[in-house]
Each structure stands twice: as structure tokens, then as C-alpha cells.
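Every number here is computed from the coordinates shown, using simple stated rules; none is lab data. This is a predicted model, so every value here is computed, not measured. Heads up, the Cβs are rebuilt from the backbone with ideal geometry, glycines too, and the neighbour counts pull from every protein chain shown.
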């Protein structure tokens, strides 16, 4: 059973995104290359757990984090489940494997001051690139969408008259996100700039390069990282941190968790609760000011 058969399966059956398909294929090909480098004659279907364990050790020795290793092994686990389902193997070599323990890391969002300092600044050049990058950063912060959702956003799914955008999230789930007046202005400026530059859009995408090509993951990541380095000293400056900031700032302003869950496109409230730790100071402040016994003491 080839790797491509598995990739076709997650495309057609699991409705996985293109990003997920590429990541899965890359991980499986990495493991296949490792087996060859070790002189193993076993195919992916024939490997033993000891060979997988050797790969895990080599990944750690190369400096991969436990989170990255767990993600790679999760791909392998999914592959072997697929092989069992198709009758290619009787049991998974990973059936006794336990994921590596991951140290809890608190990922700090950007502060409201940092976001305002950037979006209200003159850091952006007066050019197509400057308008593009400012609109990207603004849309991330005003809507909390994922990087892949922004890159794949279609022009026909941006309705400025109704103040809505429709995005295609994980597992091809669609959701509508409302637009505040400020981001509607930014999006209209982007459209006007594209008209002035005679942009011929690739695949009907809303965001393109000046040549009309689809944006790359690395370009969008670099846009967030480079611009926020001008206003923030935080080590991690990524589109996901900006998404995290969106959720945290809504929580700080009193938004309920279920509404934020729907805006973010999470399938369960548990995923959204990940953002509550960074709002704990605000929660304590509200609790202290609102609790009847505290009011009585005052």
C-alpha cells in the first residue's frame, strides 16, 4: 500500500486540508528515508516498533521538540490505522507506544498596546506590498482566522456590504465571521489597490502578490514576525500568536467562551479554553470587583 493511497484517503474521506496532506506525506517520506539510511530492507508496512523507536531517538538527537516528535508519530499512527482498515496489516507496530510527555508552555499573546502601536503606525510603506501586509495583519487581528484560511480566502466570500466573510476551516467546515467597520475599510483599500495595479487573481483569491500569485505560508509568517518585531520583544511572533491575541483580548473584554469558539472555528470548547490562561489576570480582577463579599468589605 503506497503513501499516496493514504494521502488520497485523507483527502477524500477525512476532507483534510492541502497543508495537512503535504505534512503527512512529508513525515511518512522522512521515516521512509530514515529506514533506507539505516540499511533497513523493511517497507513501511513491515517495520517493527524498535525501528520506529530508533527514528524517535534520531529525531530528538537532531533537536526536534517532543511536540514535533509526537506530531510525526501521530501521522505514523494514522497511517497504520489506515493499513489495518484496508487489510494490509493485522496490527499496528505503535499499539503499545505512549506519546512523549510535553512540558506545558505558556504562549504569550501580543498586548492590546502592541497591536495598536503597530496597526496605527506609519510602519507600512505606501505601496502594494505595504497595503497587502497591513491588511493581512489587520484581518488576522480583527477576525482571528488561521493562516491557511487567510491564504485560501476567496474574493467571492468577502461581502463588505453585509460585513461578513466566509472562511473554509479544518475538515472543510465553513463559518461566517462578522467584520467591524475598521476592517471593512482596510479590505476595501486592498481591493482598490488591486484594481489600480491591474491584479489578475490566481484561483479567485482575495489576497495575492502584485503578480497575482497565491501567497505562501512563509511570506505570511514573515509578515507577522517582521512587523511585530518592531513593537514587541516577545520571542514568538507568528500568525497563531495573533489569533491567540484576538481570542485573549475578546475574553478580556467580557466575551463568552462559546462565542469565541464559534468565531475561531473550534470543534469543542476545550480547544478554546487553551486561551483562558493568559486572561487569568483579567478574570481575577473581574472576580474581585464583582463578588458580593468583596463588595461588602469595601
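Between residue 123 and residue 240, the simple spin-label model (points 7 angstrom out along Cα→Cβ) gives 2.1 nm. So what's the gap between the Cα centers of the range 25-44 and the range 79-150, to the nearest angstrom? Using only Cα atoms, the two centres lie 28 Å from each other. Principal-axis analysis of the Cα atoms of the chain puts helix 18-37 at an angle of about 30° to the longest axis. A helix-only calculation puts the chain at -17000 deg cm²/dmol for mean residue ellipticity at 222 nm, using -39500 (n - 2.57) for each DSSP H run of at least four residues, averaged over all residues. Using alpha-carbon pairs under 8 Å, 6+ residues apart, how would you state the relative contact order of the chain in percent? The normalised contact order for the chain reaches 16 percent. Put in order of Cβ neighbour count within 10 Å, fewest first, the listed residues 190, 84 become 84, 190.
Given R₀ = 45 Å, what would the calculated FRET efficiency be for residue 3 paired with residue 116, taking r from the Cβ atoms and rounding to 0.05? Computed FRET efficiency for residue 3 and residue 116: 0.45.
Which length gain, in nm to one decimal place, applies between residue 195 and residue 37 when the Cα-Cα distance is subtracted from 0.36 nm times their residue separation?
Numbers: separation 158, 0.36 × 158 = 56.88 nm, distance 5.24 nm.
Here the segment from residue 195 to residue 37 would lengthen by 51.6 nm.
Placing pseudo-labels 7 Å out from each Cα toward the beta carbon at residue 202 and residue 30 gives an inter-label distance of 2.5 nm. Which entry is the computed volume of the Cα convex hull per residue in Å³ for this structure: (i) 160; (ii) 186; (iii) 145? Of the labelled values, this structure produces (ii). Distance from the C-alpha centroid of the range 182-234 to that of the range 245-270: 25 Å, rounded to the whole angstrom.
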